[in-house]
Amino acid sequence: MSRGRAAGPAAQRVTREHGALVNIVREPSCEDEAEPALLPVAEARRRIAASLSPLAETETLALADCVSRVLAGSVRAANDVPAHDNSAMDGYAIDRASIPESGEATLALLGTAWAGRPFEGTVGKGETVRIFTGAIMPDGADTVVIQERVRVAGDTVRIAADVEPGRNVRPAGEDVAAGEEVFAAGRRLGAAELGVLASLGVGRATVTRRPRVAFFTTGDELLPLADDTDGAPPPQGCLYDSNRYTLGALLAGLGVEAIDLGIVADEPVATRRALRTGAARADLVVSSGGISAGEADFVTRAFHEIGEVAFWKIAMRPGRPLAFGRIGAAGSDGAAFFGLPGNPVAVMVTFLQFVRPAILRLSGMREIEPPVLPARSLSTLRKSPGRVEYQRGFMRVVDGDLVVESTGKQGAGRLSSMSAANCLIVLDADLDGVGTGERVGVQPFHGLLPG
Ligand code: AMP
Ligand code: MG
């Protein structure tokens with residue numbers, strides 16, 4: 001490439017802003033040039049995870065208030081679930097030994113076992129008890145014969161011989177056995193986990209405090225939305241601040257306590273103030289914009305005055321520039337900090353790759369990285385080697401195979417490509433394009449994105 005490095009960033013900035021303001025789509029850019037000094041995504045993730053620890057503060061809440069919260073300690077079962085052997089079907093409880101090897105048995109009907117109202121007596125040889133689903137197995141009975149397979153005449157019940165011992169009985173402890181570790185610390189409590197805890201009679205859980213995350217957007221060109229903003233075109237040179245809505249929704253989806261610090265002007269005093277305010281009120285501060293090379297001077301200075309912030313060029317696309325560091329000391333007045341790029345798609349992609357795992361780590365979760373599934377690409381995907389690309393895709397299952405199609409043009413300003421997508425197609429750094437039918441990785445939005 002003949003373009004000098006010194007001219008690169010400025011040219012890049014002008015092009016980007018120009019592109020955004022007058023809506024000129026310029027898909028490839030000088031960002032495509034291979035750069036050996038780029039930081040691999042995995043290394044950035046490792047550094048971020050290493051610099052964060054789970055929040056130490058916990059709270060004990062009623063189970064219903066623990067939705068999506070993360071267990072601070074492990075939970076051990078104090079009792080069996082189910083607590084007693086009970087019937088899985090409506091039928092007749094018997095001692096299997098009552099039934100001959102062949103032919104038919106005629107048993108005396110002693111009474112009824114209801115769910116919630118056990119049969120008090122014992123079932124002996126030649127006897128049976130009418131039993132309903134969920135009722136405790138009477139003493140002496142080990143098997144339930146379903147009602148469709150018996151013939152009842154008055155107080156006698158006839159049962160054919162082919163009855164499997166133990167059939168239709170749910171043994172005590174089948175779901176959870178007393179003494180077993182039900183959930184380890186770091187487990188996120190979803191519907192199933194809350195149900196399991198409730199089945200054990202655990203009415204409260206000790207969970208990690210919700211992370212507090214302050215966020216702001218930067219840019220003199222940004223226009224806030226008001227309640228009565230109703231699709232009017234922005235004044236020339238301005239654009240609506242969409243990133244704050246995207247970020248707000250991403251944070252809400254993670255169940256954090258989000259603090260919206262608004263739009264911050266492209267100038268050092270306001271930037272420093274926002275960072276200080278965020279650090280005082282939150283565990284993590286997230287911003288968008290103002291970190292690309294052309295703008296970085298004042299931002300860099302502001303960030304460095306406030307804390308220890310590294311500016312990384314990450315081997316990914318979109319989202320190459322990323323600032324990460326710490327503002328103030330760890331503890332009450334300090335916070336970790338992410339400076340995300342300004343481009344709306346880059347905001348979402350870098351959030352999912354870096355901020356989400358960081359928040360999950362603060363929450364105490366162990367599984368923090370977005371999962372990648374193997375899929376077959378139905379599209380030809382253009383890509384140059386050197387950086388991991390996160391392209392927008394739509395995945396579905398065809399003939400039992402997970403397949404994915406590109407949503408089309410992939411410019412970092414095309415936020416609508418994210419809303420058309422249901423996954424990110426993850427293309428490894430060394431790949432030089434993908435042909436139809438080839439294997440790719442996909443990160444499904446389901447579970448990553450709210451809604
Ligand atoms: P920056 O990194 O600040 O130069 O931002 C890059 C580009 O991202 C800008 O030129 C805008 O087109 C876009 N952008 C930045 N911030 C926002 C925002 N809050 N909402 C929507 N688009 C934004
Ligand atoms: Mg900006």
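The values are calculated or read from the model by the stated rules, or taken from the named source; none is laboratory data. Because the structure is a prediction, the values reported are computed rather than measured. For neighbour counting, all protein chains shown are included, and Cβ atoms are generated from backbone atoms with ideal geometry for every residue, glycine included. These area figures cover heavy atoms from the full protein model, side chains too; ligands, DNA and RNA do not enter into them. Shrake-Rupley method; radii C 1.70, N 1.55, O 1.52, S 1.80 Å.
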Here the residues within the range 49-69 that are open to solvent by 60 Å² or more (accessible area, probe 1.4 Å) and charged (D, E, K, R) are Glu57, Glu59, Asp65
Within the range 120-145, of all residues that are open to solvent by 40 Å² or more (accessible area, probe 1.4 Å) and under 48 Å from the mean Cα position of the chain (by Cα), the one farthest from Gly91 (Cα to Cα) is Asp139
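Here is a yes/no grid of residues against (1) more than 19 Å from Gln443 (Cβ to Cβ); (2) outside any helix (DSSP H, G or I):
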| site | (1), (2) |
| --- | --- |
| Ala336 | yes, yes |
| Met348 | no, no |
| Leu352 | no, no |
| Val355 | no, no |
| Ala358 | no, no |
| Gly364 | yes, yes |
| Glu367 | no, yes |
| Gly386 | yes, yes |
| Gly393 | no, yes |
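Please indicate, with yes or no, whether at least one residue in the range 196-211 is under 20 Å from Leu55 (Cβ atoms) and within 16 Å of ligand 2 (Cβ to nearest atom).
Here is the first cut: in the range 196-211, the ones under 20 Å from Leu55 (Cβ atoms) are 204-211.
The next check asks that each one be within 16 Å of ligand 2 (Cβ to nearest atom); those that pass are none.
Within the range 196-211, none of the residues are under 20 Å from Leu55 (Cβ atoms) and within 16 Å of ligand 2 (Cβ to nearest atom).
Of all the residues that make up the range 319-336, how many are away from ligand 1 (no atom under 16 Å from the Cβ) and either within 23 Å of Val388 (Cα to Cα) or open to solvent by less than 10 Å² (accessible area, probe 1.4 Å) (or both)?
5
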Across the range 266-297, the tally of residues that are at pLDDT 90 or above and part of a helix (DSSP H, G or I) stands at 13
Of the residues in the range 436-451, those that are open to solvent by 90 Å² or more (accessible area, probe 1.4 Å) and within 17 Å of Ser68 (Cβ to Cβ) come to His446, Gly451
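Restricting attention to the range 70-115, and to residues there that are in a strand (DSSP E or B) and under 30 Å from Ala184 (Cα atoms), which single residue is most open to solvent (accessible area, probe 1.4 Å)? So that I can check it myself, show each step before the final result.
Let us first name the residues in the range 70-115 that are in a strand (DSSP E or B), namely 70-71, 75-76, 81, 86-87, 91-94, 104-114.
Next, only the ones that are under 30 Å from Ala184 (Cα atoms) stay: 70-71, 75-76, 81, 86.
Numbers: Val70: 9, Leu71: 6, Val75: 24, Arg76: 147, Val81: 19, Asn86: 13 Å².
Result: Arg76.
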Exactly one of Ile359, Ile368 is buried (at least 20 other Cβ atoms within 10 Å of the Cβ) and of a type in the set (Val, Ile, Thr), and that one is Ile359
Selection from the range 52-73 of residues under 17 Å from the mean Cα position of the chain (by Cα) and among the polar types (S, T, N, Q) yields Ser68
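Does the range 298-308 contain at least one residue that is open to solvent by 30 Å² or more (accessible area, probe 1.4 Å) and assigned to a loop (DSSP other than H, G, I, E, B)? Walk me through it before giving the result.
Here is the first cut: in the range 298-308, the residues open to solvent by 30 Å² or more (accessible area, probe 1.4 Å) are 298, 300-301, 304-305, 308.
Narrowing the set further to residues that are assigned to a loop (DSSP other than H, G, I, E, B) leaves none.
The answer is no; no qualifying residue exists.
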Cβ pairs under 7 Å, 6+ apart or interchain, first in the range 227-253 and among the basic types (Lys, Arg), second buried (at least 17 other Cβ atoms within 10 Å of the Cβ), ordered by first then second residue, are Arg244/Thr217
Counting only residues in the range 229-263 that are polar (S, T, N, Q) and within 16 Å of ligand 2 (Cβ to nearest atom), the one surrounded by the fewest Cβ atoms within 10 Å (Cβ to Cβ) is identified as Ser242
When every residue in the range 381-422 that is under 27 Å from Pro321 (Cβ atoms) and basic (Lys, Arg) is compared, the one most open to solvent (accessible area, probe 1.4 Å) is Arg382
Residue pairs within 6 Å by beta carbon, gap of at least six or interchain, first lying in the range 283-294 and more than 12 Å from ligand 1 (Cβ to nearest atom), second part of a loop (DSSP other than H, G, I, E, B), listed first then second, are Asp283/Pro211
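Out of the residues in the range 309-318 that are in a strand (DSSP E or B) and more than 16 Å from ligand 2 (Cβ to nearest atom), state the one that is most open to solvent (accessible area, probe 1.4 Å).
Kept after step one, since they are in a strand (DSSP E or B), are these residues of the range 309-318: 309-314, 316-317.
Then keep just the ones that are more than 16 Å from ligand 2 (Cβ to nearest atom); that gives 309-310, 312-314, 316-317.
Numbers: Val309: 14, Ala310: 36, Trp312: 31, Lys313: 92, Ile314: 0, Met316: 0, Arg317: 55 Å².
Once the filter is applied, the top-ranked residue is Lys313.
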Residue hits (the range 217-254; over 30 Å from Gly190 (Cβ atoms), part of a loop (DSSP other than H, G, I, E, B) and touching a Lys or Arg at 6+ places or on another chain (Cβ under 9 Å)) are Pro224, Leu225
